[in-house]
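One structure is given below, encoded as structure tokens.
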Amino acid sequence: MTRSIRNRVDLEGCEGTRKSTSEKPNLAGDWLNFYLLIILYIIQGFPIGLSGALPIILQSKKMVTYEDQAAFSISLWPYSIKLLWAPVVDALYVKCIGRRKCWLLPLQLLMGLLILYMASNIDDWLPESGKPNLTMLITVVFVVNILSATQDIVVDGWALTMLKKKNVGYASTCNSVGVPFGMFIGSVCFTLLVSEQFNITYFRATPGTGGLITMKSFLYFYGTMTLVLTSIVGIFKKEKDSRLEDGYVNINVFQNYKLLWDVLKLPRIRVLAVALLTTRIAYTATDSISHLKLIDAGVSKDDIMIITSALYIIKFIMPIFVSEYITGPKPMSYFLKITPFRLIWCTTYVALIYYTPSMIRKDGLVSVPTYYYFIMGLVLITNEVLNFFLFLTLFAFFCRLSDPRFGGTYMTLFNTFYYMGFLLSNTLVLKLVAFLTFRKCSNNDQNTCSTSDLEKLCKTNEGSCVVSADGYNIVVAISLIIGFIWYFCFRNIIKKYQSLSASHWMINIKRPVTAVESCLIPS
């Protein structure tokens, strides 16, 4: 920061800070704030879940190509680039409303209104038959995700002051419970409750009755609840005046961006950024496209979502069992041990997708045997356990590297690199699968079915377009090669980085100091 910024903490403030940090966490008197944070994180998680559910619904209706799926994947990009406007959200606010409330209220109100607008048009944008209006779906979901990503910045900041200082550690609990639950509602609940086949199979409804609830009703309900909850927060929840906080220093937008630039100038950060941007390339094809390929092979989207619900349960309980591995001094040692197994496990998806048609089809009709569900569940659940364990160790690594004076900025920066690498490669592999998939007409090898006119010609001649070379298998093979190259290139670098002392990640500049920093961070 600039040299004019000075430390504003006195000895009395230090004593108060030491006292607050030594107190044991106790949610007595903080329960309402605790539950409010969970609700805010649930609101944030719903658009993420919805962004994952719509591609599966579109694929199950045979309405879109993989190029269309690549276009839809862009709707999730706001979560990977929110760092670009995070300093603006943190620095600009209206004092009379509150530093966080002045952003939260309009963001969630707009989010609720957009979901209501989506509800009123969903039957036209996503009809039961015919071509969906992808342009409007992508546009609205993209804007909703911009609002949700910005709300994430706001709620993360508010969590640090909404809870008492001794209870700030519970903020991560609110996040880890609220966001996945919101994603569960937006993906699993949305997909199953609006599915007619799920209603017929499990509730013995008659064909033609539709799902337990329509898409329009589901979105209307969630949009209305968002508006109601936001109004309650606006009326009844008071925000602390940030100027009354210990060691408060007003940091402007320029200073926030300057801080980011200083972090990025650290040589090791730049190397780590490259590693984070490329670490998910090896798994993107299997993580993002496998569900779509299983649907193409004849597996019901409802069956996939039921197994997905079990994966959410694993995410809730798994941290309890792996905490001893991720809280140690070298969590990336476990990351490096598991990575080769994770890479090899990707091949089980290829085998599952290849043999699925022969296992679930009999005389041209889909009849899924019970043993197939066990095989599919084993592949999906094992993959998710490995994937989530790697994420937890990586997150623990981020915490160890982050300069404690600017922990929020560091963590946001690391997460941005990580998710940006995944989302960019996600769009790329979807396009590559479409580009590298070759088809031909069953009764005319000269007809490549590469255009809609050639497809119509094939059908006119009583033929069908069949896949001669599946781009999915090619992309998975290329991804695995890149994954092993990544492993051997960055293995020793990561081992070295996790052994470095915290001073190697510090920014030696003049900066504003808070009460906690002046008392707990050595000069």
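The values are calculated or read from the model by the stated rules, or taken from the named source; none is laboratory data. Since the structure is predicted, the reported quantities are computational estimates derived from the model, not experimental observations. Because the Cβ atoms are built from the backbone with ideal geometry, glycine has one as well, and the counts that use them run over all protein chains shown. Ligands, DNA and RNA are excluded from the accessible area calculation, which covers all protein heavy atoms including side chains. Shrake-Rupley method; radii C 1.70, N 1.55, O 1.52, S 1.80 Å.
Expressed as a whole percent, the proportion of Cα-Cα pairs in the stretch 149-290 lying more than 18 Å apart is 77%. Other residues whose C-beta falls under 13 angstrom from the C-beta of residue 349 contribute a net charge of -1, scoring Lys and Arg +1 and Asp and Glu -1. Can you give me the relative contact order of the chain as a percent, contacts being Cα pairs under 8 Å and 6 or more apart? Dividing the mean separation by the residue count of the chain yields 25 percent.
Between the helical axis of 301-326 and the longest alpha-carbon principal axis of the chain there is an angle of about 30 degrees. Solvent-accessible surface of the chain, averaged per residue with a 1.4 angstrom probe and all protein chains in place: 49 square angstrom.
Based on DSSP H segments of at least four residues, each scored -39500 (n - 2.57), the chain has a per-residue ellipticity at 222 nm of -23500 deg cm²/dmol. Compactness of the stretch 452-493 is given as radius of gyration and Dmax, 19.4, 59 Å, from Cα positions. Between residue 109 and residue 446, the FRET efficiency from the beta-carbon distance, with R0 = 60 Å, is close to 0.55. Spin-label model, residue 482 to residue 268: label points 7 Å out along the Cα-to-beta-carbon direction sit 2.7 nm apart.
Return the distance in nm (one decimal) between the two label points of a simple spin-label model at residue 252 and residue 172, each offset 7 Å from Cα along Cα→Cβ. Placing both labels 7 Å beyond Cα along the Cβ direction yields 3.5 nm.
Among the listed pairs 293/362; 293/440; 101/216, a Cα-Cα separation exceeding 26 Å is found for 101/216.
Phi-derived couplings, Karplus 6.51 cos²θ - 1.76 cosθ + 1.60 at θ = phi - 60°, listed residue by residue for the stretch 456-467: 5, 5, 5, 5, 4, 8, 6, x, 9, 7, 10, 7 Hz, with x used for Gly and Pro. For the stretch 289-368, the C-alpha radius of gyration sits at 1.48 times the compact-globule guess of 2.2 N^0.38 Å, with N the residue count. When the P(r) of the chain is calculated, the portion above 36 Å amounts to 38% of the C-alpha pairs. May I ask you to work out the translational diffusion coefficient for the stretch 138-231 at 20 °C, viscosity 1.002 mPa s, via Stokes-Einstein with Rh from the Kirkwood sum over Cα pairs, reported in whole µm²/s? After rounding, the answer is 135 µm²/s. Projecting label points 7 angstrom from Cα along Cα→Cβ for residue 399 and residue 363 puts them 5.8 nm apart.
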